[in-house]
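> Can you read through this structure? Questions will come right after.
The values are calculated or read from the model by the stated rules, or taken from the named source; none is laboratory data. Being a predicted model, the structure only gives us computed values, none of them experimental. Positions of Cβ are generated from backbone atoms using ideal geometry, with glycine treated the same way; all protein chains shown enter the neighbour counts. All accessible areas refer to the heavy atoms of the entire protein, side chains included, with ligands and DNA or RNA removed. Shrake-Rupley method; radii C 1.70, N 1.55, O 1.52, S 1.80 Å.
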Amino acid sequence: MLGPNRRDPNGVETSNARGRDTQPPMPTELPYGAWPSEFGVERLVSSGVRLGAPAFAPDGGLVFAERRPSDAGRTTLVHVAPGGERTDLTPPGADVRTRVHEYGGAAWWPCGRGVVFSDDRDGRLYRLEPGSAPEPMTPEPRSPRALRYADGSVSPDGETIWCVRESHAPGGEPVNEIVELSARGRGGEPRVVAGGRDFYAAPRISPDGERLAWIEWDHPRMPWDGTELVVAAPDGSDSRSVAGGQEESIVSPAWSPAGELHFCSDRSDWWNLERIGSEGERVAVAPIAAEVGGPAWVFGMQAFAFLDDGRIACVVVEGGRVWVGSIAPAGDRIEPLGLERAPGYPVLASDGRRIAFAGAAPTLGQAIVIADPARGMESVVAAPGGGALDPGLISVAREISFPAEDGSSAHALFYAPVNPAVAPVPGERPPLIVLSHGGPTGNSTDEFDLEIQFWTSRGIAVCDVNYGGSTGYGRRYRKRLEDAWGIVDVADCAAAVRHLVEVGAVDPERVAISGGSAGGYTTLRALTTRDEFSAGASHYGVADLGALARDTHKFESRYLDGLVGPYPERSDVYDERSPINHVDGLSCPVILLQGLEDEVVPPAQAEQMVAALERKGIAHAYLAFEGEQHGFRRAETIRRAAEAELAFYGLIFGFEPADELPPLELRGSRD
């Protein structure tokens, strides 16, 4: 709990005293948006520390990745011993990150007594043994990150590694392969095991070292559209497809200790667990109308883990809620383990007796957790927030469903303003920020998110929309966005606003929409085609779909085929759905935030939108950040972006934030 008489970074005195004879102070009556908050900007910056999925270390402790905004956004590997002693494993300056598929993931893995990791400074793999300096394992590329590696698997004898390699050369599309290298290599050339397909993921060697499984797929499919699960000899020979196809997504392959290949498939409409039986048949394992697995935006997703007693622990995504369950040997259902936290991204590790993950809960921030499934107990190994929060300060999501314009139902998470020290002005309704998540094949869950609490604690309601196309609701719900990006997502965000206005939850005159990347596109598209919104914030959002199709990275270069149509054959549709071509429909203020080294959505997209706003004389602000890529990692960027967006809403919605904020200049007219 927060201590009594604590002063937050904004200088606001608060009290959490709960003595028998102590009465809480009467709340101060203040307009929505002007509430002083316990969740100050500096606290938001500290929340930028991101904890990556852990692995068990040989000493029984854990190793995990920690991204630190205060260190220019670099990621460090951390070891926590069983006694709690914490040690940074990677040296200062190293950045444990891979850019395979640009989004990366699985940039490190255990190997013997040490670890293997990708250093983003050059893209090479390094082996790090206790007490030694990192040693390069792969050849030096012709230029930094021309050769990239991810998602490794180590042979049972610890001598061989299989991983994904992505090779970049000037003027051509990157080449993706599965390669094999010596775990004790010193910069030698890896050997190609599988090549010729557009994409590979999840090479996994069997416990006896005799079989190698992996996932592969080709353009124009994305990994949530259709993938194939392949099994081969360790050298790649004698390969055969055992599951999947163009209309079935396979994720999270893993071998059980007994050598049975398990994986998640969405052929039932939901990603559910299956295994390959002794005769090569596919066997469903504890089917459920929820997702065990998720979209493979990054490498390393592992939605289940094996335990020594024969049970399987798994992560279940049920709409906007995530929980951890277990399947008994020969069981036919998933039983909740009753843990407080659950992984925000479905990744579990196991040492046979325990599981570990990076997770959160609606009233608990992110942490590295070890859980004992047999006893339903969990313990926190690391938490960047510095302790538990008073639940009275937290707005807990309420999952809502509402009619969509196509006659189906859409879903969202609604967060009402919460601040026990403040009372709203009678008769006033709160402003609303509608969040459109990225992807667009992504989803939002109800886990604690300080960025949302930053707004709700200041008196601003938040609606986090899981529009059609989101995961967590089955394949058919994802397919609602097929050929309809910029239509269904926008309509569902607008429908959420109408629903909340109808039930009297928000002020219809003060509604903003905010999103990053693909969510930034939904934001800009909504602002140029709808009238439910009176302001918008685009974080590195897409303004020109045609430019995105022509100028993006390999992983997403054909993504829009399924969301919009093939390009350039359907360039007319791309033009029609590009916000940059519909600025005449824009009549409300916009703030745009952009990293200048963004390879996914290049700065030219934001700059085009700014030029159009200038021409039309619409009030706007544009903040461009040196050294930032797709998603903000640096402390100074996170701080300035939050301050600017809060100041923007204050100017547009007519409230005075309690925070001391740098001035924000709006260009153009506010009339």
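> Residue 390 to residue 405: extension gain in nm, 0.36 nm per residue of separation minus the Cα-Cα distance?
Values: separation 15, 0.36 × 15 = 5.40 nm, distance 3.93 nm.
Computed gain between residue 390 and residue 405 is 1.5 nm.
> Starting with the highest mean, order 278-288, 139-149 by the number of other Cβ atoms within 10 Å, averaged over the residues of each peptide.
Values: 278-288: 13.2, 139-149: 17.0.
The packing order, highest mean first, is 139-149, 278-288.
> Which whole-number value in Å² is the accessible area per residue of the chain, probe 1.4 Å?
Working: 25810 Å² over 671 residues.
Accessible area per residue, the chain: 38 Å².
> Just need the relative contact order of segment 326-371 here, percent rounded to a whole number, with Cα pairs under 8 Å and 6+ apart. Each step should come with its number before you reach the end.
Values: 59 pairs, mean separation 12.6, N = 46.
27 percent.
> Something else now. To the nearest 0.05, how large is the calculated FRET efficiency for residue 189 and residue 380 if R₀ is 51 Å and r is the Cβ-Cβ distance?
0.75
> Looking at the square roots a ≥ b ≥ c of the eigenvalues of the Cα gyration tensor of segment 291-331, which shape do they give, rounded for a/c under 1.5, prolate if a/b is larger than b/c, or oblate?
Details: a/c = 3.10, a/b = 1.55, b/c = 2.00.
Since a/c reaches 1.5 but b/c is at least a/b, the shape of segment 291-331 is classed as oblate.
> Roughly how many whole Å is it from the C-alpha centroid of segment 175-198 to that of segment 578-616?
Cα centres, segment 175-198 to segment 578-616: 41 Å.
> Please work out how much length the chain gains when fully extended from residue 669 to residue 175, using 0.36 nm per residue of separation minus the C-alpha to C-alpha distance, in nm with one decimal.
On the way: separation 494, 0.36 × 494 = 177.84 nm, distance 4.86 nm.
Residue separation times 0.36 nm, minus the Cα-Cα distance, leaves 173.0 nm.
> Post the alpha-carbon centroid distance, segment 25-85 to segment 373-436, in whole angstrom.
Spelled out, the Cα-based centre of one part sits 18 Å from the other.
> Contour minus end-to-end for residue 416 and residue 498, with contour as 0.36 nm per residue of separation and end-to-end as the Cα-Cα distance? Mind showing how you got there, number by number?
Details: separation 82, 0.36 × 82 = 29.52 nm, distance 1.58 nm.
Extra length from residue 416 to residue 498 when fully extended: 27.9 nm.
> Before anything else, pin down the relative contact order of the chain: Cα pairs under 8 Å, at least 6 apart, normalised by residue count, whole percent. Don't jump to the answer; show the numbers that get you there.
Values: 1711 pairs, mean separation 73.1, N = 671.
Relative contact order for the chain comes out at 11 percent.
> Would you grab the residues whose amide H sits under 5 Å from the one on residue 296? Only those 5+ places off in sequence or on another chain, please, with H modelled 1.01 Å from N.
Placed amide hydrogens put 224 under 5 Å from residue 296.
> Set the Förster distance to 41 Å, then compute FRET efficiency between residue 551 and residue 133 from the Cβ-Cβ distance, nearest 0.05. Can you show the working numbers first?
Details: r = 39 Å, r/R0 = 0.96.
So, using R0 = 41 Å, E works out to roughly 0.55.
> For the chain, what is the calculated [θ] at 222 nm in deg cm²/dmol (nearest 500), taking -39500 (n - 2.57) for each run of four or more DSSP H residues and dividing by its residue count? Walk me through the numbers before you get to the answer.
Working: 10 runs with 95 residues, N = 671.
So the helix-based figure for the chain works out to -4000 deg cm²/dmol.
> While we're looking at this one, here's another question. Using only Cα atoms, tell me the angle between helix 488-502 and the longest principal axis of the chain; keep it within 0 to 90° and round to the nearest 10.
The angle comes out near 40 degrees.
> Can you pull the one-decimal nm distance between simple spin-label points at residue 72 and residue 182, each 7 Å off the Cα toward Cβ?
Inter-label distance under the simple model: 3.4 nm.
> Return the long-range amide H neighbours of residue 433 (sequence gap of 5 or more, or a different chain), with a cut-off of under 5 Å between placed amide H atoms.
Residues meeting the amide H criterion: 461, 462, 463, 512.
> From the square roots a ≥ b ≥ c of the eigenvalues of the alpha-carbon gyration tensor of segment 103-255, which class results: rounded (a/c under 1.5), prolate (a/b over b/c), or oblate? Mind showing how you got there, number by number?
Values: a/c = 1.97, a/b = 1.29, b/c = 1.53.
It is oblate, given that a/c is not under 1.5 and a/b is not larger than b/c.
> Give the carbon-plus-sulfur fraction of the accessible surface of the chain in %, rounded to a whole number; probe 1.4 Å, heavy atoms of protein chains only. Present the calculation step by step, with values, prior to reporting the outcome.
Numbers: 12480 of 25810 Å².
After summing per-atom areas, the C and S share lands at 48 percent.
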